[in-house]
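Student: Take a look at this one; I'll ask things after.
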Amino acid sequence: MIRFDLGTMRHAARTALRLAMGGLLAAGLAVTAQAQDRTAISGTTVSLAPLKGFVPSSKFAGLEHAEAKASVLVVEMPPEAHAQLQALFGNADTAKANFAKQNIVIDDAEDIETAGGKGRILTGQQNVAGTTFDKWIVLLKGAKTVMITVQAPEDSDLDGDDVVTMLKSVSLGAEPTLDQKLAALPFRIRAAEPFRVVDTFGGLGVLMTSGPLNVDPKGAQPMLIVSYQTGGQVPAGQLAAVGEKLLQTTRGFEKAEITKRETVAFAGSKDGVLLSGKTAEGSTGKRFAQYIGLGADGRFVRMIVSADEATYPSLEPAIKAIADSIAFAQ
């Protein structure tokens, strides 16, 4: 499960690490590697020659083999994030210790030469709900810091040598425009003043703020984050409970006081959930709102926004306009 963490979202390297370590539970069958035309991963700098059967995903930045449940997930970060992640990837013991926190057992770490330059690859396994997945995680540096995660069930026909061949085919181009990155998201969204889009993250979410800063480590400005998730089903009638649980595991919201619970139209569903209230974040506390809406195939999208008590009322029309604009991509 990919969770919100406002601290994490403010630091792209930590966001990407979480995405790669947690993974998207789309696993699967693979077939023999064979030379194919390069496929550009929409909204990213990455192109690669995919294994047969893998096609661009409409659910995340990467490729999937829907029938066989295999995935190639691409996460990009600012170039300065590379040094932080290289320290993790470069030391096998450090990598093993950190990935173990996500129940990922790292077996090996080695350098790899790709069409996009030298990289570092970690290989291992992760057990999720009784199923063991083989994983390959590669770190590269181009115009962006790039992390690519390949995973498939242990009992699939995916050959490790074929995966490495695919990863060696990776080339890195110019950074896409913000409009291109927004268009590649698995949902549609429009900003409303005074909010503006800062960037997308992981091909799965978008960060907005209001104020002069794009990087706001102190959390002084209003912050609005929207993220998409796939994998795992939400039981009927349990969306509100799931929303509360997610809120409790979001940094800065662990002790949030929910003062209102509503059923609202959101992300194309008339049964969306809106939780609102107050947090202890910041010197004076903040108001927040969290929207969650379900789509087909267990997909859901989550929007969370927070701002100082004095500022929040003036932002409510924009918050509602942004929430109303969100819809799953077809």
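The values are calculated or read from the model by the stated rules, or taken from the named source; none is laboratory data. Keep in mind that what you see is a predicted model, and the values were worked out from it rather than measured. Here the Cβ positions follow ideal geometry from the backbone for every residue, glycine too, while neighbour counts run over all protein chains shown. Accessible surface is based on the protein model in full, side chains and every heavy atom, while ligands, DNA and RNA are left aside. Shrake-Rupley method; radii C 1.70, N 1.55, O 1.52, S 1.80 Å.
Student: Report, by residue number, each residue of region 73-93 that is free of Cβ contacts under 8 Å to residues at least 24 places away in the same chain and either in a helix (DSSP H, G or I) or surrounded by 19 or more Cβ atoms within 10 Å (Cβ to Cβ) (or both).
Tutor: A83, A87, A92, D93
Student: Tell me, yes or no, whether region 308-321 has at least one residue that is within 20 Å of the chain's Cα centre (by Cα), of a type in the set (D, E) and loosely packed, with under 14 Cβ neighbours inside 10 Å.
Tutor: no
Student: Could you check how many residues of region 58-72 are in a loop (DSSP other than H, G, I, E, B), within 20 Å of G295 (Cβ to Cβ) and in contact (Cβ under 8 Å) with a residue 60 or more places away in the chain?
Tutor: 5
Student: Just to confirm my filter: which strands (runs of 3 or more DSSP E) fall fully inside region 242-330 and include at least 3 residues that are farther than 23 Å from Y228 by Cβ?
Tutor: Those strands (runs of 3 or more DSSP E) span 257-266, 269-279.
Student: Any residue in region 304-328 that's of a type in the set (V, I, T): show its pairings with residues that are assigned to a helix (DSSP H, G or I) and at pLDDT 95 or above at Cβ separation under 7 Å, as long as the two are six or more apart or on different chains.
Tutor: Going by the 7 Å Cβ cut-off, the qualifying pairs are V305/I319.
Student: Just the residues that are more than 18 Å from F60 (Cα to Cα), open to solvent by 10 Å² or more (accessible area, probe 1.4 Å) and touching a helix residue (DSSP H, G or I) at 6+ places or on another chain (Cβ under 8 Å), please, taken from region 284-304.
Tutor: Scanning region 284-304 gives R287, Y291.
Student: For residues that are in contact with a helix residue (DSSP H, G or I) (Cβ under 7 Å, 6 or more places away or on another chain) and either loosely packed, with under 14 Cβ neighbours inside 10 Å or polar (S, T, N, Q) (or both), scanning just region 94-107, find the one that is modelled with the lowest pLDDT.
Tutor: It comes out as Q102.
Student: Which is in contact with a Ser or Thr (Cβ under 7 Å, 6 or more places away or on another chain), among the hydrophobic types (A, V, I, L, M, F, W, C), more than 21 Å from D199 (Cβ to Cβ) and open to solvent by less than 10 Å² (accessible area, probe 1.4 Å), of L51, L122, L63?
Tutor: It is L63.
Student: Same structure again: Collect the residues in region 177-190 that are touching a residue at least 12 places away in the same chain (Cβ under 8 Å) and surrounded by fewer than 17 Cβ atoms within 10 Å (Cβ to Cβ), keeping them in residue-number order.
Tutor: L178, Q180, A183, R188, R190
Student: When region 159-187 is examined, which residues are found to be part of a loop (DSSP other than H, G, I, E, B) and acidic (D, E)?
Tutor: Correct list: D159, E175.
Student: Out of the residues in region 153-197 that are of a type in the set (A, V, I, L, M, F, W, C) and farther than 28 Å from G293 by Cα, state the one that is modelled with the lowest pLDDT.
Tutor: The residue in question is L158.
Student: Which residues, counting only those in region 256-270, are within 30 Å of Q330 (Cβ to Cβ) and not charged (D, E, K, R)?
Tutor: T263, V264, A265, F266, A267, G268, S269
Student: If you go through region 84-93 one residue at a time, do you hit one that is modelled with pLDDT of 90 or more and more than 13 Å from L139 (Cβ to Cβ)?
Tutor: yes
Student: Kindly establish whether D134 is without any contact (Cβ under 8 Å) to a residue 24 or more places away in the chain and either closer than 25 Å to I41 by Cα or assigned to a strand (DSSP E or B) (or both).
Tutor: no
Student: Given (1) open to solvent by less than 20 Å² (accessible area, probe 1.4 Å); (2) of a type in the set (A, V, I, L, M, F, W, C); (3) modelled with pLDDT of 90 or more, identify the lone condition not met by A115.
Tutor: Going through (1) open to solvent by less than 20 Å² (accessible area, probe 1.4 Å); (2) of a type in the set (A, V, I, L, M, F, W, C); (3) modelled with pLDDT of 90 or more one by one, A115 breaks only (1).
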